Each structure stands twice: as C-alpha cells, then as structure tokens.
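Working notes, structure below.
Throughout, read-outs are computed from the coordinates displayed, never taken from laboratory work. Computed from a prediction, not measured in an experiment: that's the story for all the values here. Here Cβ is always computed from backbone atoms with ideal geometry, including for glycine, and neighbour counts include all displayed protein chains.
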2 protein chains.
Amino acid sequence: MSRIPFTELGRDGPARTGRLALAHGLVDTPAFMPVGTYGAVKGLSAPEIRASGARMVLGNTFHLMDRPGLEVIAGHGGVDQFMDWSGPILTDSGGFQVFSLAALRTVTETGVTFRSPRDGAPRVLTPELSMAAQTALASDIAMVFDDCTPYPASHEEACASMALSLRWAARCRAHYAGPGLLFGIVQGGLYEDLRARSAEGLIALDFGGYALGGLSVGEPKAELYRLVARLAPVLPADRARYLMGVGTPEDIVTAVSAGMDLFDCVLPTRNARNGWLFTRTGVVKIRNSGYAADRRPVDPECGCYTCRNTTRAYLHHLQKSREMLGARLATVHNLTYYGDLMVGLRAAISAARLEEFVDSFYRSRHKRPPRALGELPEDEPVTTITL
Amino acid sequence: MSRIPFTELGRDGPARTGRLALAHGLVDTPAFMPVGTYGAVKGLSAPEIRASGARMVLGNTFHLMDRPGLEVIAGHGGVDQFMDWSGPILTDSGGFQVFSLAALRTVTETGVTFRSPRDGAPRVLTPELSMAAQTALASDIAMVFDDCTPYPASHEEACASMALSLRWAARCRAHYAGPGLLFGIVQGGLYEDLRARSAEGLIALDFGGYALGGLSVGEPKAELYRLVARLAPVLPADRARYLMGVGTPEDIVTAVSAGMDLFDCVLPTRNARNGWLFTRTGVVKIRNSGYAADRRPVDPECGCYTCRNTTRAYLHHLQKSREMLGARLATVHNLTYYGDLMVGLRAAISAARLEEFVDSFYRSRHKRPPRALGELPEDEPVTTITL
C-alpha cells in the first residue's frame, strides 16, 4: 500500500485514537459504523445518520449486487452517492452473506458457487468478482473475500479454511484496483496459532488495514475478548484495526481498550426496531407496559432528536401500534447512543483516562467489568502471540 | 359560538382564502390536513410534516381511544403534545370509523353499540362520549358525532340518517366543553333537499365551522362536484368549510374553486407507501422498472427533501426492497406536493387569478378540467339550494 491514510493521534495503554483520511471524508477512531445493508440504514435519512455521530456506513456487497445491482449504483458514482450519504462507505466482501444466507454453497479453490436466496438461480462469487463489485460500489474501504470458518470447527478445518482465505487474500490484493483501501481479514477460528499465521500472512501482503473476522459467530464472550486482546497488539500500529460484526456496548468498550479502531454491528438498528433502547443506565425495553404512560424521555442525558422531543409513552405507543415512526425514532436514539459512546471513548483515550471511563461505564449500568484483558482465569496460561 | 376565529382574507368568485386562529396556531386556508391516525403521520417526524407546508393534522378519535387510550394522551396535554406536533389538530368524531370498521354495529337514538375490531369487546359511542373524548384529546377542531349514511341510500334512509345526525349534533353542541372549535357536519346522502335541511338545522345550532360529510364514499365524481358546488355557497361565509375525506389534487382544486376551505385525505400518504408519487405532470409509479436506473429527481420542480437529495432509481430500489425509508421519502414528497398545491391555490385566489391557475394545473397534467361548477349537463336542471 503506497498510501497509509491512518494516523494514530493518542494512546492510553493498548487503546488508541486516530484518524482515517478516506476518499469520501475523515473518520475519527475508534468509530462505529451503522449497517446499511440495501443502501439504507433502515428508516434513517443521511442527515439523521450523520447527526448520530456516525461518519462511515457499512454496505453489504452481496445484497447490493442482488438489488439494485452494480450497474445502477456505479451509474450513480457509488453507494455513497446512490444513498445520498456522500461520506465514507465500507463494503464487506459478500463472503459472510454467501456463508450465512445462500443455499447449496460449494467452496472450491476458485471461489464459491451457490443458489441465489431470492430466485434460486446459480451464482458464483470469487475473490476477483468481489473486488470488481466493490470497485463498482466505489467504497472507501473494501474487504478481501474470505472463507468464513464456522463455529465450532476442528483445528484441521479451521486451518484449511484460514489457508484458503489467505490464498484468496493474495488474489484480492493483486486484483483490487478500486478507489478505496483494501483490508485483509484475519481468520483461524478460536485457535491462536492459526490466527497468528493468518495475521502474519496478511501483513506480508501489506494491506491498507486489518480486520478480525469470523468472530461473534456463537463463541463464548470470554473467547472473543481473549482473542481480541491477544491479536490487536500484533496488527500493525500504522493501519486501522477493524473488529467485524461486533457488538454490544460492552464488547466495544472492551475491544477499544485492547486497541481496536473500527466496529460494525446490526445490534443498535435491529434492536431499535424490536423496541430495545440503549441508555446510560441499561436497556429500556420500550414495549413493556410500564412505559405506557411514562412522560420521561428514553434517556434524560441523551441529546438525540428522539430524547429531546418525545416521551417513552409515545415511543411505547408507536411500537405497540407498529407505526414505522417508532422504529425510526428508536434507531435515531440507539445510533446516537453508540455515537456518544465512541465520542466518550475517544475523549477518554485522548485524556489518558480510559480506565476511569470504563469504570464509570459499568458503574452507571450497575454491572461489573467482564473478565478480560489480563484478568484471565488463573489456570489459563497467558501466552503472548508472536509472529 | 362566541368566538369566530375564521377571517376571510381574499376572494376570487366563490373561492376564498382565509385564516383560522386556533388554540395551537394559525392555519391559512385553503389548507390540506395530513392524516395522523394513531398520533403519527406514518413515518414522518413533526418537522417533516411542517416542512411539507401542513399546519394542521387530523387525528382519529376512534383509533386513539383504542390505542394508546385517552388517559395517556390527556396526561400529555393533548394529541399535539403527545405526538410532538405542537400545532393545530383536528379530530374526527369516531362515527365514520365505527361505521366502516366495527363489526355488529347497532345504531339507536342514544348512540352506537359495536364490538371492538381489536378484541371483540362490546363498546358504545354516543355524542356525549365523543365530545368527552375529543376534549381529552385537546383538539383545536372537534367534529360532531354523526351517523354516516351509506351509499347508495334511498331518500327515506338518507332522511332518517340525516335527521338522527341532526339530533346528535344538537346533543354535541350542548355537551362540548373542550378547548377547540366544534364543527357541524352536513349529511343527507346525494339528495339536495336533505342536504339543505341538514345545513339549515346545523346553522341554527351555530357551530364554529361546517363540514360536508358522507362524501367520497363511492359516488360518481360528478355527483361529488355537483353537491360541493351547490352546498358550499349556503354555508356561512364567516366560518370555515371543511370537505371531509377528499381527495385527489383534482378534487381539491375543484372544491376550492367552489368555496371550500379545509381538506383531509389518506391519498398522499397511503399512495406514497404504495409507490404512487404526485408530480406537476402527473403520477409517477415509482415501482415501475422504467425508473430502475433513472437518476432524475421524482419532480424536478419540487423543493422537498426527497427531490433535492435522491433519485428515482434510489426510491425505486427502496420501494422494491421494502425499505421503510422508501415509504418515508415518498410521503415527504407527496405531502409537499399537496402543500405546494395549497400554496398555489391561496396565491392564485389572492391575486384573483384562480382560473389561470386551474387551466395551468390541468394543462401541465395533459388533462381537461372536469365538468363541474356550472358546466353541468344541459338536460339537468340547475337548481339553487335555498335554505
């Protein structure tokens, strides 16, 4: 990679703040990316996404290839223009969706053949096709096409899958000619030796950034936290580090503390549609009858449109009446909650007060911090990954 | 009525502009009211409703009594506060919903007994209960509880129904003690003599405004236009005149020309959700495949958020993908189309150029004006209604 657009701006232990200078704008890290599967963060306009604090949106290549198709989006100049976002976009490779959605999937050295979940038509996706697709989408960050290792997997299965992903990563690296940065994805299941080999192989290929993939697929939280704490430090400090598909506010606080920079998850948006609202003191399940006449805002400390202008009773009513405004207002709030969390984390790291921030985060939720990051069980050997 | 808050500001033939000074704000007429059935104009925030040009929203008493219930809304200080609208609200009486939604409806002199369409529980609605409900909702304009005459109806049926509505109107007039204006509703089916008797009886009761009800229920357009043209002039000039549940842009242009002031209809909002978009040159059915790659705005002359920021291709994609943002963006556009139409009508009347406006309205849509307003068939006797 000739261009290294990531600048580390501050540190507090393994955690860091930084800035990504991308084709469509700047992104301060640590950053959370809302998921805009079909070219829309469900229910929200671009100004609302921006008001939440988000500066980069994730688009799903697999879904966008299906609808509206690459030609239409390329005709608009990219996903960001198509969805009136006009800001940074990260696209996944389509690999995870093929893995999780497509029937009759067959993996070969060339790529994956599968049947379209929409019309059953045979389709193929390869590293080269994924790179071409992400080029047409004009994303600021493109991801390598990888094989997603299932959980659980034996060491042998995880090893073969990781090795295939590595060979595909080399083909992606050679083929990608889009306007964005290409990120490698560390695979290897829950096996530290495989993860180390994957990271080593990817770093040798010199990607624009590095992601941890194949996590948050059903493994215990402690395993996720262990791997993140051990892997983050071995990823190059001069590139952004992206933890894919994670997670809860607790997951993000933990992973930021370990040195990760970028996150995406459907949790704030999907939970909003189901009436689960994040607040500084815990989750408010707004459909509970206890909120039917509650005239307080969802979170009195929140400055989002929803909290400034509506009551819990109104949100309760909208959700119970299945009014789409309910999903929208809840999504505005949840994304603002995530946005504020990232602002708080960035400020805490800049001020070298992350530990204080994390303590206060758990105290306000009446929870104890998870065992992680050096607090591993005594009987578990603390190994350091070396490449 | 001690307070007459309607001021006529301009005239052009039977058409007029005016201003309603209501409890929660001013409404310039002619005005269109978006329908906010359950305390939400589906998908839209209050600022978006306002940006469309709408200044009064219609709430459905029957639905709001069911969900969230009067107590919750009264606790918020009224529908306008509950839904964060903080502007004028007109509520219907619940009569039309009981008529059209409720099973096993029984009408007696006292009122209507029916089974809740939600849980089948027996319910009753009377003029007095409707007045109490609309008082709890704190609407700026409340409507009398009336019996909706079905279409078609014999003269005898329509007469009995109209007479019952008139007796109920007197009970409403005596009972209403809310913060708003109470409007009478002229009934009588398609029979001009019954409509005249209804208007006469209501005017004797001295309401804050007068509505034409029981129209747009399946009768031919020519019948609607004929009745509106004949009835508008007999309604007091110093009170607002409201044509309930109407209608298409053509209907509104015709009724404004006849002297009507207020309108409500689900058409712009419901059609938006189904992908029918109103434009200055006619309807755009955005789900048609011809728009799949169309990078133009829906209506290049429209200044709404949707037209300023998105393409037909994006709206097509959102509607085909069933993304709720598609319904929202289409609703923003359609309500702005209606809002702009009312602005145009008010300006044309003020400038005494309504005929020119109507000609241009039809010309841009490549349509001929409907036969109405003095252009009745030669073999039909042109009678003038006298009270």
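What net charge is computed for the residues neighbouring B:ALA23, neighbours being all others with C-beta under 10 Å from the C-beta of B:ALA23, Lys and Arg scored +1, Asp and Glu -1?
Neighbour charge sum, excluding B:ALA23 itself: -2.
Ranking A:THR135, B:THR331 by Cβ neighbours within 10 Å, fewest first, what do you get?
A:THR135, B:THR331
Give the distance, in whole Å, between the Cα centre of region A:327-347 and the Cα centre of region A:244-318.
Region A:327-347 and region A:244-318 have Cα centres spaced 8 Å from each other.
Enumerate cysteines in chain B without a disulfide-compatible partner, where compatibility requires another Cys Cβ under 4.7 angstrom.
Unpaired cysteines in chain B: B:CYS148, B:CYS159, B:CYS172, B:CYS265, B:CYS304.
Taking the Cα centre of chain A as the origin, how large is its charge dipole in debye, to the nearest 20, when only Lys and Arg (+1) and Asp and Glu (-1) carry charge on their Cβ atoms?
Dipole about the Cα centre, nearest 20: 1340 debye.
For region A:41-82 and region A:14-38, compute the distance between their C-alpha centroids and round to whole Å.
15 Å
Taking the rotation axis that maps chain A onto chain B, which residue of A brings its Cβ closest to that axis, and at what distance in whole Å?
Closest to the rotation axis on chain A: A:MET324, 2.
Based only on other Cβ atoms within 10 Å, what is the fewest-to-most ordering of A:HIS24, A:HIS333, A:HIS155?
A:HIS155, A:HIS24, A:HIS333
Where the only charges are on Cβ atoms (+1 Lys, Arg; -1 Asp, Glu), what is the dipole of region A:113-200 about its Cα centre, to the nearest 20 debye?
Result for region A:113-200 is approximately 300 debye, rounded to the nearest 20.
For B:LYS42, go through the aspartates and glutamates and keep the ones whose alpha-carbon is under 13 Å away, minus same-chain ones fewer than eight residues off.
Counting by Cα, and skipping residues close in sequence, B:LYS42 has these aspartates and glutamates nearby: A:GLU323.
Placing a label point 7 Å from Cα toward Cβ, how far apart in nm is A:ASP193 from its equivalents in the other copies, listed shortest first to one decimal?
Result for A:ASP193, in nm, nearest copy first: 10.2.
So how strong a dipole does the protein assembly as shown carry about its Cα centre when Lys and Arg Cβ are +1 and Asp and Glu Cβ are -1, to the nearest 20 debye?
The dipole of the protein assembly as shown has a size of about 100 debye.
Membrane-span-like helices in chain B: DSSP H runs reaching 24 Å or more (Cα, own axis), mean Kyte hydropathy at least 0.0?
Membrane-span-like by this criterion, though nothing is claimed about a membrane: B:324-350.
What percent do you get for the relative contact order of region B:6-265 when only Cα pairs under 8 Å and 6+ apart count?
Here the relative contact order equals 18 percent.
Got a sec? Charge dipole of region A:272-364, +1 on Cβ for Lys and Arg, -1 for Asp and Glu; which of A:VAL283, A:PRO297, A:LEU318 is way out at the positive end?
Of the listed residues, the answer is A:LEU318.
Counting only DSSP beta bridges with both residues in region A:6-264, tell me the antiparallel percent, nearest 5.
45 percent
Which order do B:VAL124, A:VAL41, A:VAL253 fall in if you start with the one that has the fewest other Cβ atoms within 10 Å?
Least crowded to most crowded, the residues run B:VAL124, A:VAL253, A:VAL41.
Less than 21 Å apart at the alpha-carbon level, and either on another chain or at least 8 residues along: which lysines does that give for A:LYS221?
A:LYS367
Using a label position 7 Å from Cα in the Cα→Cβ direction, what is the ascending list of nm distances from A:THR110 to the same site in the other copies?
So the distances to the same position in the other copies read 7.9 nm.
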